[in-house]
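The structure under discussion appears below in the form of structure tokens.
Values in this text are rule-based calculations from the coordinates and carry no lab data. From a predicted model like this one, the values you see are computed outputs, not experimental measurements. Positions of Cβ are backbone-derived with ideal geometry, glycine not excepted, and every protein chain shown enters the neighbour counts.
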Amino acid sequence: MELVLILSYYFLVAFILFLWIRPFFRDLSVLRGAASEFGREDFSTRVTVPASSSILPVAQSFNAMAERIQYLISAHKELTNAVSHELRTPLARFKFSLEILAKTDDPEKKRRYLENMKVDVQELEALVDEMLSYARLAQANLRVERLDVDLRTWLQQQVEQYEDGPVTLQYSFATLDRENGYTASFNPDLMARALHNVLRNCLRYAKSSIAIYAQISQHKVEIRICDDGPGIPPDKFESIFEPFSRLDTSRDKRSGGYGLGLAIARRILQRHDGDISVTNSEPEGACFTLRWRR
């Protein structure tokens, strides 16, 4: 009888342990299977476990990691395809000019095609510089040195170079912090790059005028740049900030740009714990808003 009781006790303990371990082992098997699928480059794989699962936090972390990796790989493929497309055009023109030079003895034609080749080389250099700037801003260990700058004086200096252009620029300032005035903390060189990228985009589409509004509150700096152009379709509000993303060129008065300017501007604002967004203004035109922590 004592042996039966001992065996029954251990059997009961083993049965309870089995019931407790079984769902844990099942969920671990699901996680192991998902990891194997992910290792076979099925980046859409996600782990699905019950809300009561003991490994739910691990599954959620795995899914977050998988989603991030899938996004990075997708972005890398899109960037690679876009770079290939952008490089192919000037290279094709360069190759065509070389073939013409080899077949002609006309000095005037040679001079013209050599000038075209110089333009193609300059275009390639500009594209590479833009790509390097975009990649540099993506580095996790990049340190952005901030300085205390008078926003009003800085912004006036940046806008001065556009005053003699065909488009009228108007700007105004406001501060909600009378004690500290217009002083704000940011990297003036990087922020100037972001500002000029947005301004050049607005100048490309503006009909006659661009309005700039700068406002400082106790915790935030905001610069709004609004043009009177054709505006931007609402479904493009986010995509225009992606690398090599451009609107229909038929809407552009002058062909130009590589679709990296606004992407670089967003990276710069993110480095300042801020962001950039766009909406359509009334009665027409696009309005870009740059905001960051003061």
Pick from R46, R136, R224: which residue has the top mean-square fluctuation in a GNM of the chain where Cα pairs under 10 Å get a spring? R46
Please list, in order, the residues from region 270-294 whose amide nitrogen is less than 18 Å from a point placed 7 Å along the Cα→Cβ vector of V144. 270-278, 288-294
Please work out how many pairs of lysine residues in the chain are eight or more positions apart (or on different chains) and have Cα atoms closer than 24 angstrom. 11
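Which length gain, in nm to one decimal place, applies between S44 and D106 when the Cα-Cα distance is subtracted from 0.36 nm times their residue separation?
16.4 nm
Using only alpha carbon pairs under 8 Å that are at least six residues apart, calculate the relative contact order of the chain and give it in whole percent.
Once normalised by length, the contact order is 14 percent.
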If I measure Cβ to Cβ between cysteines in the chain, which ones have no partner under 4.7 Å? C202
Helical segments meeting 20 Å axial Cα length and Kyte-Doolittle 0.0 threshold in the chain (DSSP H): 2-39, 56-103
What's the percent breakdown of Cα-Cα distances in region 157-196 across 5 Å bins, shortest bin first? 5, 16, 19, 23, 22, 11, 3, 1
Under the rule of -39500 (n - 2.57) per DSSP H run of 4 or more residues, summed and divided by the residues of the chain, what mean residue ellipticity at 222 nm is obtained, to the nearest 500 deg cm²/dmol? -19000 deg cm²/dmol
Please build a GNM for the chain, connecting alpha carbons under 10 Å apart, and tell me which residue among S185, S52, S277 fluctuates the most. S52
According to a simple spin-label model (label point 7 Å from Cα along Cα-to-Cβ), what is the distance in nm between Q157 and E115? 3.7 nm
Could you tell me what fraction of 2.2 N^0.38 Å the Cα radius of gyration of region 2-69 comes to, as a two-decimal ratio? 1.60
Cα centroids of region 22-54 and region 163-179: how far apart, whole angstrom? 56 Å
Hey, in the GNM for the chain with a 10 angstrom Cα cutoff, which one of E222, E284, E67 fluctuates hardest? E67
Quick one, can you get me the convex hull of the C-alpha atoms of the chain expressed as volume per residue in Å³? 230 Å³
Bins of 5 Å from zero: percent of alpha-carbon pairs in region 83-137: 4, 20, 23, 19, 14, 9, 7, 3, 2, 0
Two pseudo-spin positions, 7 Å from Cα along C-beta at Q270 and at N63, lie apart in nanometres by 2.3 nm
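Please give the length that would be gained between N180 and S74 if that part of the chain were fully extended, namely 0.36 nm times their separation in residues minus their C-alpha to C-alpha distance (nm, one decimal).
33.7 nm
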For the chain, give the share of DSSP beta bridges that are antiparallel, in percent and rounded to the nearest 5; count only bridges with both residues there. 75 percent
